[in-house]
1. If you take the residues in segment 120-154 that are of a type in the set (D, E, K, R) and more than 17 Å from the chain's Cα centre (by Cα), which one is farthest from V54 (Cα to Cα)?
2. Mind checking which residues of segment 30-55 are of a type in the set (S, T, Y) and part of a strand (DSSP E or B)?
3. Hey, could you check segment 168-188 for residues that are among the charged types (D, E, K, R) and out of contact with any helix residue (DSSP H, G or I) (no Cβ under 9 Å at 6 or more places or on another chain) and say which is surrounded by the most Cβ atoms within 10 Å (Cβ to Cβ)?
4. Only one of these conditions is not met by K103: (1) modelled with pLDDT under 95; (2) over 17 Å from the mean Cα position of the chain (by Cα); (3) surrounded by 14 or more Cβ atoms within 10 Å (Cβ to Cβ). Which number is it?
5. Among S68, S78, S84, which is the only one that is of a type in the set (G, A, S), farther than 16 Å from V44 by Cα and in contact (Cβ under 8 Å) with a residue 24 or more places away in the chain?
6. Would you point out the residue of segment 119-148, among those that are in contact with a Leu (Cβ under 9 Å, 6 or more places away or on another chain), among the hydroxyl-bearing types (S, T, Y) and modelled with pLDDT of 95 or more, that is surrounded by the most Cβ atoms within 10 Å (Cβ to Cβ)?
7. Criterion first (charged (D, E, K, R) and within 28 Å of K182 (Cα to Cα)) does R52 satisfy it?
8. Please tell me if P20 is exposed (fewer than 10 other Cβ atoms within 10 Å of the Cβ), more than 20 Å from E167 (Cα to Cα) and free of Cβ contacts under 8 Å to residues at least 24 places away in the same chain.
Amino acid sequence: MEDITDVKIVPCEKSGFIKPLRMLFKQNGREKIWDAMEVHDSVVILIFNKTRNVFVFVKQFRPAVYLSSSKITEENGSKLIKTSENPPSLGVTYELCAGIVDKDIGNQRIAQAEVMEECGYQVPLESIEPVTSYRSGVGTTGALQNLYYAEVTDQMKVGAGGGVAEEGELIDVVEIPLSKGKAFITDQAYIKPVAMMYALMWFFDVKAKHYIDGNKL
């Protein structure tokens, strides 16, 4: 995952995932301009394995995080990032299982498929519990993200997970014990998005009352 080399920064001339846009509008009679990006909406799933009382997360290298965390060097008219000075670990994040909404099959089914592809659990559709939805990247994308919760067991583990290799995904499945979940929320040793922090806070507010010292009542 951290075997990253030959990092170069070039213009994004065409993408199947993002589309830069400029919005012109008037606010209180004053003309304004706002630059934004059109992106897919997404789903994220907080997975809790109740057989062993662990949270199931994913870990992967995120180029955008690495880019924003690294120093860009200009050499011979090219922009690049030297991995010797900027370790690839700067871009390795801990996240909820997630996926973009790019199929017209319903968000719940997309979430179900992502749990299988990324984490290897076959979860019944009725066990994919909707939690809430919110807008992410409000200054740049405003995309809708839908949060789900799924309780799983070891018996539901039917695959290794890791994402779809044909699509270039390279994902590690990681587990965090319930007993360390609260500390994980604000532990800055783990690079993570705010949605993950919120999901864990929701769990400890709504679901954790069913557990004492890692044992279900």
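The values are calculated or read from the model by the stated rules, or taken from the named source; none is laboratory data. Since we're looking at a predicted model, the values are computed, not measured. Using ideal geometry, Cβ is built from the backbone for each residue, glycine included, and neighbour counts are taken over all protein chains shown.
1. Let us first name the residues in segment 120-154 that are of a type in the set (D, E, K, R), namely 126, 129, 135, 151, 154.
Next, only the ones that are more than 17 Å from the chain's Cα centre (by Cα) stay: 126, 129, 151, 154.
Values: E126: 21, E129: 18, E151: 10, D154: 11 Å.
Among residues in segment 120-154 that are of a type in the set (D, E, K, R) and more than 17 Å from the chain's Cα centre (by Cα), the one farthest from V54 (Cα to Cα) is E126.
2. At the first step, the residues of segment 30-55 found to be of a type in the set (S, T, Y) are 42, 51.
Matches in segment 30-55: S42 only.
3. As a first pass, look at segment 168-188 and keep what is among the charged types (D, E, K, R): 169, 172, 175, 180, 182, 187.
Checking the rest, the ones that are also out of contact with any helix residue (DSSP H, G or I) (no Cβ under 9 Å at 6 or more places or on another chain) come to 172, 175, 180.
Working: D172: 16, E175: 13, K180: 11.
Checking each candidate, the answer is D172.
4. Looking at each condition in turn, K103 falls short on (3).
5. Working: S68 fails: in contact (Cβ under 8 Å) with a residue 24 or more places away in the chain; S84 fails: in contact (Cβ under 8 Å) with a residue 24 or more places away in the chain.
Checking each option against the conditions leaves just S78.
6. The first filter runs over segment 119-148 and keeps only residues in contact with a Leu (Cβ under 9 Å, 6 or more places away or on another chain), leaving 130-136, 147-148.
Checking the rest, the ones that are also among the hydroxyl-bearing types (S, T, Y) come to 132-134, 136, 148.
Checking which are modelled with pLDDT of 95 or more leaves us with 132-134, 148.
Working: T132: 11, S133: 14, Y134: 14, Y148: 28.
Residue satisfying both the conditions and the ranking: Y148.
7. On the way: charged (D, E, K, R): yes; within 28 Å of K182 (Cα to Cα): yes.
Criteria met by R52.
8. Values: exposed (fewer than 10 other Cβ atoms within 10 Å of the Cβ): no; more than 20 Å from E167 (Cα to Cα): yes; free of Cβ contacts under 8 Å to residues at least 24 places away in the same chain: yes.
The answer is no for P20.
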